[in-house]
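Every read-out reported here was derived from the displayed coordinates using simple, explicitly stated rules and does not represent laboratory data. On a predicted model such as this, the values are computed, not experimentally measured, just so you know. Here the Cβ positions follow ideal geometry from the backbone for every residue, glycine too, while neighbour counts run over all protein chains shown.
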Amino acid sequence: MVIPLMKQAADEPGTGEQAALRYGAVWADGAVCAVEARRALQAFLAYVPCTGRTPVPAPLAIDAELVVSELVTNAIRHAPGPCGMILRLSGEGLAITVWDTSAEQPVVRKRDGQRFGGHGMHVVHSVSAEVAVAPLGTGKQITACLRTAPDLAPDADTVALTDAEPAS
């Protein structure tokens, strides 16, 4: 089950661009795929300008899609049961949290061009300013923080799909 964007995108206390915008989705056992998680992220990022905030720069949006794909794919492959994703956009950047039911800690493997697969967490660490893993009662959550550069101003390379419909 996915919780629709319109019911989830909410400002945290603060004013204007200082307030954090949040979105959460929960998927039942076996009901998620990386494509669906990326679409939820895209809808969230498309909703950002509708709140009066500056659109998210394209490089950050691309890195965020990569992180969501990798973390959700790992949850699907390595954890039985439901999983979820929380997105939090604030003045510092975008925090992507994915939780699942496996207590097994993710492994960051060294790059190996001869190996097929197993590069996901290395990629997540490469594009994120910070990655944290926290145990939960029945599983874990991984949070990847992507920072916006202060000198990145919105221009033609920003993600601004203001006429897009949020995911339902």
- Residue-span extension gain [Leu136 to Ala28] - 0.36 nm each, minus C-alpha spacing: 37.1 nm
- Task: Can you pull the one-decimal nm distance between simple spin-label points at Cys50 and Ala129, each 7 Å off the Cα toward Cβ?
- Result: 2.7
- Message: I need the calculated FRET efficiency for the pair Glu104 and Ala20, taking r as the beta carbon distance and R₀ as 30 Å, to the nearest 0.05.
- Response: 0.50
- Query: What are the trypsin sites (Lys or Arg not before Pro) within the stretch 76-110 that DSSP puts in a loop, where the Cβ has at most 12 other Cβ atoms within 10 Å?
  - Reply: Lys110
